[in-house]
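Just so it is clear, none of the values below were taken in a lab; they were calculated from the coordinates. Predicted model only: the values in this text are computed from it and were never measured. Please note: Cβ atoms are built from the backbone with ideal geometry, for glycine as well, and neighbour counts cover all protein chains shown.
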Amino acid sequence: MNNYLRLSGLALSVLFSIFAAAMLFPIGLTLVSSMMSEAEISQNYDLIGKMVDTANGGKDAFLNLKLLPDWLTFEQYLQVLILSPKFLNMFWNSASLVVPIVIGQTLVGSLAAYAFAKLRFPGRDKLFFVYLMTMLMPFQVTLVPNYLVIDMLGLMNRSSAIVLPGIFGAFGVFMMRQFMAHIPYALTEAAKIDGAGQLTIFIRVVLPLAKPGLAALAVLLFVDYWNMIEQPLIFLQDAVKQPLSLYLAQINQSARGVGFAASTLYMTPMVLLFLYAESYFVEGIQHSGIKG
Amino acid sequence: MKNTGLILLSVALIVLTLAACSSNRSTSGNGDTAEGTGMVSGQPGTTGANSDEEAMSSNGKKTIVFSSFWPNEQYEQAAKAYEEAHPDITIKLQYGLSDEYSDDGGGEQTDADIEKFTTSTNAAMLAGKGPDLLDLRYLAADDYERHHLLEDLQSRMDGDKTFNKTNYFANVLDGGNSETGQFSLPLSFSLSGMVGDKAAIAATGVKFDDRAWTWDDFMTTGRELVAAKGKYDAVIVSGEGYQVGGKDYFVRSIVADNYGRFVDETSRKASFDSPAFASLLKQIKSMYDDGVAGSAGRGYFINASILSPEDYLTSLHAFGDETAFYVKPHADEEAAGTSFETRADIGINANSKVKDAAWDFLKYLMDHTSIGLPINKERFQDAIQVLKEQGTITPPSIDSQYSKPFKVDSAQLDQLEGFADAAARKRNESGKVLDIVAANTDAFFTGQKSAEDVARLIQNKAMTVLNE
Amino acid sequence: MSSRWLRRLRGDGVAVWLFLGPSLIGFSLFYLIPFVLGFYESFTDGALGGRFVGLNNYTDLLHSASFRKAAGNTMLFTAIAVPLLIALSLTLAVLLNRPLFLRSWLRTSFMLPLVVPVASVVTVWQIFFDWNGTLNAWLHELGFARVDWMQSNWSMTIVVVMYIWKNIGYDMILLLAGLQSIPKDYYETASLEGAGRFHQFWHITLVYLTPTMFFVLLISIINSFKVFRETYLLAGDYPYDRLYMLQHYMNNMFFELDVQKLTAAATLMVGCIVVMTSGLLRAERKFREYTE
């Protein structure tokens, strides 16, 4: 019996490892390709989106999936980082948009979440439902009226046109409420009996317990806003202010070689952040999911 | 552990304040430099939005915001001259092209700028803001028109006694006329046709009438020219001028001419899956297989767009010593005549607060700018006269072959106005359906997919577009 | 009036405003008001201050075959991809819910795709699904004809695969937490009573997982709307009609400046989301009452 279990466990592990490898493959391929030379990349992948005349061997023309570079080189990175100031500039733009959003939404979100999770007021559940709805709506839904509001506030073409709506996004409220609902009433009630005000309870009792939730939220928000394409396209007209996501969407088509290196650099902060905060992240996500 | 929350809170507040400050500083800094150069390089959405308040400023001065993607010296000169003549008017020019990055990776940046320009102008127009006057290049003029975002200029022209249509090439002006009115006026136009090697054609003895020929006539003539085995192998090379294009050039061109056969705009139906379209594709492919059309080198004819009088002579000169301009073939049901495109189409924002002033400036632009082939007949004559007096032309050096200065051929030049007067067909090769056609036919021409498969795919996507 | 209002708010009144205030102000400004404006505009004939035209825009919208197609495709995608994703992540979670060799590594690699930006891996998808791509190269090796993956009915399958790739880790983590919250002695009791593995899964695991499942379902639906970015970057604004989703429609309407159809479509979509979510929440409440 024991042997059987161990064997099936081993088989399962092998199976899983294969599956995990498949999951990691797109990421790995990007990483590996970023270390190929420009020439090698165009030799392998130039046929993307092209039609080769059957008169010139088009029947057998395929691009060449290459798992290992012939020659390890960092020239693409050099190109991206040193030779084109644009990239670093946009990297900075992305960071200066995303960091305030993440911090702001985590903060504003957990304040509101506390109200939804631990305070009693009329219409609470209905209001929360409204928050939930806007979270589900795709960006396109409020595109035009949003433009009007941004314009009315005189924010057009300023980074606050992206940052402010980001800070007040509903996802933070939703996620943190799910998490805080999980914190036992006994704890907050005990603090109340000790004479603590709501703010003290929030800061001293709830926030420290909600740390994994905050971490998970921060990572998820980071990913989401690091990825945004539509909002900056419409609300930031100056090319100098553009975030990296827009640049990358273009460069992937025009300069594939540099694209891989830029893509790798682009995903690196996300991946590092995730690996660093993984245990918190997992715990945070899990608590948000179990109904409190 | 206890203080985590507090620390987090204070850090957050500090970062927020910093972010807010830095973003404010950078925007204002940017504005300063732009103003410093005396040219507003801001984007349509933003500055245009402020124009309302400025337009109604207390001292009675009106501001017209005029937006164009490409910077244009003529616009600037006209604006300056107009401002001098009308001290109560200020004209603000804004351009969509960002010059910050023009030197590194120009093309890609331009594409990005165009997308931005379109998106932000669209959003601004929808919000009832935006520039007062627009150069519609890259903008969705049809959509603006459909949603009443552009001023109807037909009634302006009819109601304005100082506007005299006979001063302009009326056939070109009318070409921009839609059923519901006229929503933009061109400052300039171009003629599309072919430059042919007259001597080489004469040597083959093949006769044709280019003033009236249809695509079928052209194919017949083409086969005769190939059979004559004269100076060239191909009759015509795809692409325009020096730019040898892909096979999609003819597809676009021919499908555009036959658009009505495959797209029924009123019932919003496409019939690209009909045998007729597949056979048209096969016919175009046979043009290449029979050698009528080539995709490299030279042929008897070269497609050309005549952008200006100078361009006309340069094109004729560049492709041989004894050349002539020929009219482009047309579809069966179309009227014969030269095919033209309007350029520098200017529209007035229907939500503008200074429409009257904008209309007045637009008239001024039509009368006082000389861009390409000017719409104003007097300016047109002037341009030709200037060229004659100039005597020689130094063409821009492409491939260095023909960049030596050459003499102006007055006899040839005199024919140009005739072609302009005969302009009858507005060439319209843009549009989503044509883009879809052009993008998907390559698979057939390279032999990767059958004509029927390609036709089905085009039908599939075209129906989505038409039914939106 | 005001005293009744105050009484209704009771002790938490001031605190509610303190906590909820910042979020509520921003949320109203950037989400609620724009949505209400959009809703209003869907009944008028102009972008701004247009005439009231009743349901005209809605009848126009419903007459548009492309809109119907987009709505159908969106529903089809959600109906296929979401259950499939949940089933697969549940399988993974159940299998992974035991001591396993390299377990934490496996978990990390399943979750990593979640944090990888869309634009970074688009080229990899192209390498596989292009006309000259690797998948077709394999088909060719095996002697089959090429398939135009993105330009045929296969396209939706591919987007489903991309969606699952990105989200399986997230759902798995949520479900794992749900699994771990089920007390072990339930299974032991069932075992003693002679219930089989399948019976245990059906009557214990699934039943106790249901609350988590509601949350997973909600998150999966939100994320199914986000797959638009991948589709857009891969297939542009007019993809093969199987892939043409509501967001394509709304995006194109924006670029065609058709605010009327855009806002009407947005309102209808939000309406559907409201109905679906409230149904879901009601079902959840029923379920909880039933189990308690």
- If the cut-off is 25 Å between C-alpha atoms, which lysines fall inside it for residue B:92, apart from same-chain ones fewer than 8 positions away? A:241, B:61, B:62, B:80, B:116, B:129, B:353, B:355, B:363
- Message: Once the cut-off is 15 Å, how many percent of the Cα-Cα pairs in the stretch B:120-172 end up in the long-distance tail?
- Response: 57
- Item | GluC sites (Glu not before Pro) restricted to the stretch C:163-244 and DSSP loop, no more than 11 other C-beta within 10 Å | C:193
- Item | Rg/Rg_globular for the protein assembly as shown, with Rg_globular taken as 2.2 N^0.38 Å and Rg from C-alpha atoms | 1.05
- Query: Ranked highest first by average number of other Cβ atoms within 10 Å, how do B:359-368, C:199-208 line up?
  - Reply: B:359-368, C:199-208
- Note on the structure: Cα extents of the stretch B:312-468 along the principal axes, largest first, in whole Å, come to 57, 53, 33
- Note on the structure: With R₀ set to 60 angstrom, the calculated FRET efficiency between the beta-carbons of residue C:17 and residue C:45, to the nearest 0.05, is 0.90
- Per-residue mean of other chain beta-carbon atoms within 10 angstrom of the beta-carbon, peptide A:222-234? 4
- Query: Hey, can you rank C:164-174, C:68-78, A:187-197, C:52-62 by average C-beta count inside 10 Å, highest first?
  - Reply: C:164-174, C:68-78, C:52-62, A:187-197
- Item | Potential lengthening between residue C:144 and residue C:76 on full extension [0.36 nm per residue; Cα-Cα distance subtracted] | 21.6 nm
- Extending each Cα 7 Å along its Cβ direction at residue C:94 and residue A:50, get the distance between those two points in nm, one decimal. 4.9
- Item | Rounded FRET efficiency, nearest 0.05, which uses the C-beta distance separating residue B:199 from residue C:68 and R0 of 56 Å | 0.40
- What are the ³J(HN,Hα) values, in whole Hz, obtained from phi via the Karplus relation 6.51 cos²θ - 1.76 cosθ + 1.60 with θ = phi - 60°, for each residue of the stretch A:45-59 in sequence order, with x given for Gly and Pro? 10, 5, 7, 4, x, 10, 10, 9, 4, 5, 5, 10, x, x, 4
- Per-residue [θ]222 nm for the protein assembly as shown (sum of -39500 (n - 2.57) over DSSP H runs n ≥ 4, rounded to 500): -19500 deg cm²/dmol
- Task: Obtain the nm distance between the two label points defined at residue B:283 and residue B:76 by a simple spin-label model: each point lies 7 Å from its Cα along the Cα-to-C-beta direction.
- Result: 4.9
- Item | Estimated inter-spin distance, residue B:410 and residue B:394, nm [label 7 Å along Cα→Cβ] | 2.4
- May I ask for the Kirkwood hydrodynamic radius of the stretch A:77-289, worked out over all distinct Cα pairs and given in angstroms to one decimal? 18.9
- Item | Surrounding net charge for residue A:69, when Lys and Arg each add one and Asp and Glu each subtract one, Cβ distance under 13 Å | -3
- Query: Please identify the chymotrypsin sites (Phe, Trp or Tyr not before Pro) of the stretch A:73-119 that satisfy two criteria: DSSP loop assignment and at most 15 other Cβ atoms within 10 Å. Which are they?
  - Reply: A:74
- Please average, across the residues of B:458-467, the number of beta carbons from any other chain that are within 10 Å of each residue's own beta carbon, and give a whole number. 5
- Shielding by partners for A:54-66, please: the mean number of other protein chain Cβ atoms within 10 Å of each residue's Cβ. 5
- At R0 = 35 Å, FRET efficiency that the Cβ-Cβ distance of residue B:321 and residue B:386 yields, to 0.05: 0.90
- Task: Over the alpha-carbon set of the stretch C:57-291, work out the extent along each principal axis and list the three values in angstrom, largest first.
- Result: 65, 50, 30
- Message: Suppose we keep just the DSSP beta bridges with both residues in the protein assembly as shown; what percent of those would be antiparallel, to 5?
- Response: 65
- Task: For a quick protection proxy, order the peptides C:240-252, C:33-45, A:39-51 by their average other-Cβ count within 10 Å, most packed first.
- Result: C:240-252, C:33-45, A:39-51
- Query: Convex hull volume of the Cα atoms in the stretch B:201-332, per residue, in Å³?
  - Reply: 123
